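For reference, the structure discussed in these notes is given below.
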Amino acid sequence: MSVSNAEIEKLRKDVEKSEKALCDLYADLGAVACTYHRAINCTDSNGTYADICEVTEERDAIAERINQIRRAVDAINKKDLHLQQTSRTINRMEERLSTLISSLGAVATEMYSAGVLPHEFERYMKPYIEYEKRLKDLEERINENKNSKVGELFSSLRKKKVQKYRASLDSVFTECGKRLYNSSALGNMPGDRAKGICKEILEIKEQKKNYRKTIGDTRTDISRTQESLKTMGVLGEEKITLRDLEGRLESVEKDLSKLYEDYGRIITPTMDEWLDNMAPEDLKKACNHVLNEMRHIRQQNLNIQFLEFEQQVELHTSRKEDFEAQVLQLESQKALMDKQIAELQSKVGIESRAVSDLKQRQLEISIEYRTL
């Protein structure tokens, strides 16, 4: 089977991948081995180790600053969300409270109309008393003018006004309920329905008080956290600062990774001096990964060389066969030419003898002529 260039090229790309993997394994080894720098005691690595310590301090400082800002920003975001949720809860309470206040007014006016509302609560029914008085006045005016033609017109208009006025009864309930809500007599309302409404109103009032305290405390916490951001010099520019710091951290981590790789390369040739069965497991594991990958790369390169030699053998064998074919062709041509030469040589002999005969005959004729 012939070896193709594509097959060799694929192996070369595999070697490139393996060499990249080896770089990463050198970096892994360097990161682990730095922990045991003194025990390894490789003099050539001292300079790189010093650089690693310096860059590590820089990385840790940047990472800590990022974490401080993130913690502060996260805390503010969480508290802002808590504020929003608390505000929505209070809004829902306000809506429920409005409904309860209106219901309380409706129950109180019902009790008042039935004559069972205690006297001390009647002063809170003033909006309803005025409403009834106004409604009665409108109805009386309708009855007064209903027998005249002009009265019929006014009566029709007043009926519409009465209908509109009756539709405003809910607002009267609400106004009465508000007066009861703001009074000190709220908890003393008689009747089960009123007591149930008052109980829920008082519970909501207490909950609102607690929630408002929570809002105040949360806003205080937010102010303190914002003050800490201000102290860090990033208040209002947190996102920009974080983006810049993250970019710096990424650059520093790349530098550190390269230093770890250099450190791993430096100490690898000296493994025999410090790597033994007593070495820490993480260090032995990192060393074995590097050695295995190096062996793998050597094997890959040998495979490439093997295929390249096979390819050369195939090429030279093919050329040899071409030359041999050319030799056979030339030999065949030589045999044919030798045959043609022999034939020509035979003809030359025959023709040469014929020429000699002709010359002899010419000589004989010449002698005969002189004799005459």
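Rounded to the nearest 0.05, the FRET efficiency derived from the C-beta distance between Ala39 and Asp244 at R0 = 51 Å is 0.85. One chain, two ends: Lys136 and Lys10. Fully extended at 0.36 nm per residue, the span grows by 35.1 nm beyond their Cα-Cα distance. Modelled spin labels at Glu324 and Glu343, positioned 7 Å past Cα toward Cβ, are 3.2 nm from each other. Note on Arg219/Asp60: beta-carbon distance plugged into 1/(1 + (r/R0)^6) with R0 of 30 Å gives a FRET efficiency of 0.30. The order of the peptides 225-231, 361-367 by mean Cβ neighbours within 10 Å, most packed first, is 225-231, 361-367. Between Asp282 and Ile367, residue separation times 0.36 nm minus the direct Cα-Cα distance comes to 18.2 nm.
Between Lys78 and Tyr211, the modelled label-to-label distance comes to 2.2 nm, taking each label 7 Å out from Cα in the direction of the beta carbon. Hydrodynamic estimate: the Kirkwood radius of the chain over Cα pairs, inserted into Stokes-Einstein at 20 °C and 1.002 mPa s, corresponds to D of 62 µm²/s. Computed from the alpha carbon atoms alone, the convex hull of the range 56-118 holds 59 Å³ per residue. The Cα atoms of the range 185-242 cover 64, 17, 9 Å along the three principal axes, with the biggest extent listed first. Using the structure shown, list the pairs from Lys126/Lys209; Lys239/Lys285; Lys17/Lys320 with a Cα-Cα distance above 32 Å, or answer none. Listed pairs above 32 Å: Lys239/Lys285; Lys17/Lys320.
Each reported figure results from applying straightforward, stated rules to the coordinates on display, with no laboratory input. For clarity, every value in this text was computed on a predicted model and none was experimentally measured. Using ideal geometry, Cβ is built from the backbone for each residue, glycine included, and neighbour counts are taken over all protein chains shown.
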